[in-house]
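This report concerns only the one structure given below.
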Amino acid sequence: MRKLLLVLLCCYLPSAAGFTQSQLADFAANSSLHYQLLSNQLPEPMRFNAALVLRNGSNIALPAGEHNWQLYFHLIRRIDTLEQQGLLIEHVQGDLHRVRPLSSFSGLLPQQQLVLPFSSAPWMVSYSDFMPRAFIVAEGLTAEIIANTDSEQLADFVLPLTAPAQLKRHFDEGDDLVPVVNAASRFAHNQTLRTDSAKLPSHLRVIPTPKQVRFNKGQVKLNSQWQLSFDGRLSNEAQYLQAQLLAYGVQLTNNKDGAQYKAAELSLRIAADNAISPEGYQLNISDNAIRIVAADNAGVFYGIQTLLALAQRDNNSLLLNKASISDAPRAGWRGMHYDMGRNFHGQDVTLRLIDTMARYKLNKLHLHLTEDEGWRLQIPGLPELTAIGATRCFDLTEQRCLLTQLGTGPHADGSGNGYYSTADFVEILQYAKARHIEVIPEIDLPGHARAAIVAMQARYQRLMAAGRNEAAKQYLLSDPEDSSRYLSVQNYTDNAANVCLDSTYAFVDKVLYELQQLYRQAGSSLRVFHMGGDEVADGAWLGSPACQALFSQPDNGIAGVADLKPYFVRRVAKLSAARGLQLAGWEDGLMYDRQNTFDRSQFANSAVIANAWDNIWEWGVADRAYRLANNGYQVVLSPGTHLYFDHPHEAHPEERGYYWATRFSSLDKVFGFRPDNLYANADSTRRGEPIADLEKLLGRALPKLQRPENILGIQGQVWSETIRTSAQLEQMIYPRLLALAERAWHKAAWEHTGDTAARQQDFSAFAKRVAEVELTRLTANGSGFYLPPPGVNQQQGVISANVAWPGLVIEYSLDQGASWQQYQQPLSSTHKDIWWRSRHQQQVSRLVKLEGL
């Protein structure tokens, strides 16, 4: 019998020489890898237990003993090296791990499965924590993706997350207090958001809210019988307006020379006096005249946006309520940060983002162009930055591409790869300029720099091989003799550019020069350079001979590693100031420690701008925003607890996003942010414990804001670790960006009083406008967006449903999604297994499945 078994097994086993390509492909196509989260509720806080479940569904056996195959998988939590059942699980770099067989491995026959337990930290409570595209490799063969993991439907490879131990975290302070949302709790929350006391109908509730509005009786019909008159300097704004009106079938006759006209007139004018503040405007709509008057071109442009927001389509005309509006922004910096360094999503989605920002009067686009996982801008003279740094694939030598990360998988055509060519970037700059948006480029250094480091190492090797030794060293970002050992927050061991090398600053200056050239090609000018500066790992540079040599130089003020960050910023500040630039960085890149900022006077720039992001209240660093402002830095409020759009929309495992700052960031939470009183936003800890007294929580006094003029404004952030496609990107950004715009432009009365009822009433009117008007406008621009799923409640034999944003359609299905009906009134509880969703035109929310009601 044993002899017969051996004969049967022989046809499944690879040869002694190893797998063939067809065998490897067969195994990958028919086998499966699943992630199984076991528990986040362990005796040791902030840890979890999980397992890899590998099932061999192929006709190929994984042979016993050491062999030439390896299985790679992406996981955001680092697994320390461990042996399980003769297999070694080990961390490679970033999120990439591998499994390889040891001599003690007993093999895996067809139709058998292995369960490989592991433990890590801190927790995993979301499907999007698990990355797709695990793959198997063997020496000399092309890597093959395990088929079930080659999917953006995360449940295809993540086993269900339903048990309390899977969904609830465990902190040092105790168990998770943030409730996981279900249909009933969502229904109750929706009830608190909805009021029926809106002061204006949706078509008159402009976003962002104008400062002063008076609507008069009657309407005006804007059609092609009207003439357009404008000051000569406003030709760009006039052209933009004509293009927008043409989409509605309205084409105005230009009246550039101001000649006498008979038809009604739409005029764009610059005010002759200083009665209107910068970016402000006045809009008057009457029977035969629509007038937009502003202090500057930007103000005229924003007046146009308000005009378009009020317009209602009527065949080939637009209906407008008669009105008198006087408006101006609360903040000069109304920004949106977009990270395409982690995952690249293409130029089209960037242009749509610019369109939408312009519509809602946002004026700063912070492009996060570089990361550990990718360099996304072509730089003339440094081809390796995009030839290698813009693509991830399976190449352990990293001579063809960066090592794969974030679910890209082994192939160069995988998700997240790509870059802006110089022509693409020039077009982006021109597109933004025409819409009064300043593009702030970020080149993240010295941490988060792995893509650049690897690319410049490849350049070094290429030129050394050609005998060009001095040229090879010119832009090198790493010290070949550096023995430093560290681990970054994102689990890299080699992502800090060496700040002690002169070549690092030659690289910065080269990139600055090329950036300025691109801006000039676009007919613009680079004004602010963002250096990044954040999250440099402890231990970086400790073993660098170049740094030791710097420490030994007399009278240079560099005594040890703690002096290197300000040294780096000082040198970058000098380079950027020499080019006439202001400097920006993330807050921790401008601080010695949790409370002490670098001395502002040592930086040569006319302004140094800090993005204040780390405001987890119990960590005690949220006051850094005020400390920086008080010490002479200009500050852009960018708080993770309210304005990070890569965080989930609600606390539910099916919602995408990281949750390090807050378990969720809903539309109403973004809407409720109070920029003028940062501490007033301290609502709860990460654990979900209410904060009644922030100073008591921290055990110390909080600094007051002494120089409010140094708070420039606010900015939303989207980081893209879990966002691999443009559709996923837009579902995370929209419509939260609209709530950001509301708070950046308009100060509501309830912000000062803290009146919760007034805020809820305001939000209800805002959300109704979003659902009934703005989602249609987003759709017309080709953008996707998030829709909240319905809440559902069963009480006294009746099933009721609601949705957070008044105006969305609620649908239900009694046949598991085969057909859908519009919910109009409560249902009898005799119905069973009802599926629910919200809808806007062709876009729908995720499903709410209620079984056995």
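Any read-out appearing in this document is the output of simple, stated calculations on the displayed coordinates, not a laboratory observation. What you see is a predicted model; the values in this text were computed from it and never measured. Every residue, glycine among them, receives a Cβ derived from its backbone with ideal geometry; neighbour counts consider all protein chains shown.
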What angle, in degrees between 0 and 90 and rounded to the nearest 10, separates the Cα long axis of helix 21-30 from the longest principal axis of the Cα atoms of the chain?
-> 60
Simple spin-label model, 7 Å along Cα-to-Cβ: Arg527 to Asp755 in nm?
-> 3.6
Between the Cα axis of helix 502-521 and the main Cα principal axis of the chain, the angle (0 to 90°, nearest 10) is 40
Using label points projected 7 Å from each Cα along Cα→Cβ, tell me how many nm separate Ser421 and Asn316, to one decimal.
-> 3.9
Got a sec? How would His170, His448 order by Cβ neighbour count within 10 Å, fewest to most?
-> His170, His448
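Within segment 693-801, report the trypsin sites (Lys or Arg not before Pro) that DSSP leaves as loop and that have at most 13 other Cβ atoms within 10 Å. Working shown, then result.
On the way: sites: Lys696, Arg700, Lys704, Arg724, Arg736, Arg743, Lys747, Arg759, Lys768, Arg769, Arg777; in loops: Arg700, Lys704, Arg724, Lys747.
Qualifying residues, ordered by number: Arg700, Lys704.
So what is the 222 nm mean residue ellipticity for the chain from helices alone, if each DSSP H run of at least 4 adds -39500 (n - 2.57) and you divide by all residues, rounding to the nearest 500 deg cm²/dmol?
Values: 23 runs with 218 residues, N = 853.
Calculated mean residue ellipticity at 222 nm is -7500 deg cm²/dmol.
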Straight-distance crosslink candidates among lysines, where the alpha carbon sits under 19 Å from Lys849 and sequence neighbours closer than 8 are dropped = Lys832
In what sequence do Phe105, Phe73 fall when counting other Cβ within 10 Å, fewest first?
-> Phe105, Phe73
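Where Lys and Arg each count +1 and Asp and Glu each count -1, what net charge lies around Ser128 among other residues with Cβ under 11 Å from its Cβ? Kindly include the intermediate steps, with their values, before the conclusion.
On the way: positive: Arg656, Arg724; negative: Asp129, Glu152, Asp646, Glu654, Glu655, Glu721.
So the surrounding residues net to -4.
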Give me the lysines in straight-line cross-link reach of Lys696: C-alpha distance below 26 Å, same-chain residues under 8 apart excluded.
-> Lys669, Lys704
Percent antiparallel among DSSP beta bridges (both partners in the chain, rounded to 5) | 65
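Net charge near Glu384, counting Lys/Arg +1 and Asp/Glu -1 over other residues with Cβ under 13 Å of its Cβ? List each step's numbers first, then the result.
Working: positive: Arg400, Arg459, Arg462, Lys510; negative: Glu398.
Summing Lys and Arg as +1 and Asp and Glu as -1 gives +3.
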According to the square roots a ≥ b ≥ c of the eigenvalues of the Cα gyration tensor, what is the shape class of segment 2-175, taking rounded for a/c under 1.5, prolate for a/b larger than b/c otherwise, and oblate for the remainder?
-> prolate
Looking at segment 608-765, what % of its DSSP beta bridges pair antiparallel, to the nearest 5?
-> 10
Scan segment 419-523 for GluC sites (Glu not before Pro) in coil per DSSP, keeping those whose Cβ has at most 15 other Cβ atoms within 10 Å, and list them by number.
-> Glu481
Against the longest principal axis of the chain, how steep is helix 183-193, in degrees 0 to 90 to the nearest 10, with axes from Cα atoms?
-> 30
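Give me the percent of DSSP beta bridges within segment 212-327 that run antiparallel, rounded to the nearest 5.
Numbers: 21 of 33 bridges.
DSSP beta bridges in segment 212-327 are roughly 65 percent antiparallel.
With the cut-off at 1.5 for a/c, could you classify segment 212-327 from its C-alpha gyration tensor as rounded, prolate or oblate? Each step should come with its number before you reach the end.
Working: a/c = 1.56, a/b = 1.18, b/c = 1.32.
It comes out oblate by the Cα gyration axes.
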Among all the lysines, which ones have a C-alpha under 16 Å from Lys364's C-alpha, if same-chain residues fewer than 8 places away are not counted?
-> Lys433
With θ set to phi - 60°, apply the Karplus curve 6.51 cos²θ - 1.76 cosθ + 1.60 along segment 428-437 and write out the HN-Hα couplings as whole Hz, x wherever there is a Gly or Pro.
-> 4, 4, 5, 4, 5, 4, 5, 10, 6, 10
First check a/c for the chain, with a ≥ b ≥ c the square roots of the eigenvalues of its C-alpha gyration tensor; if it is under 1.5, answer rounded, and if not, answer prolate when a/b is larger than b/c or oblate otherwise.
-> oblate
Residues Thr722, Thr20, Thr81, Thr685 arranged by fewest to most Cβ contacts within 10 Å | Thr81, Thr20, Thr685, Thr722
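Net charge near Met591: determine it from the other residues with C-beta under 9 Å of the C-beta of Met591, scoring Lys and Arg +1 and Asp and Glu -1. Walk me through the numbers on the way to the answer.
On the way: positive: Lys565, Arg594, Arg624, Arg627; negative: Glu587, Asp588, Asp593.
Spelling it out: positives minus negatives among the neighbours equals +1.
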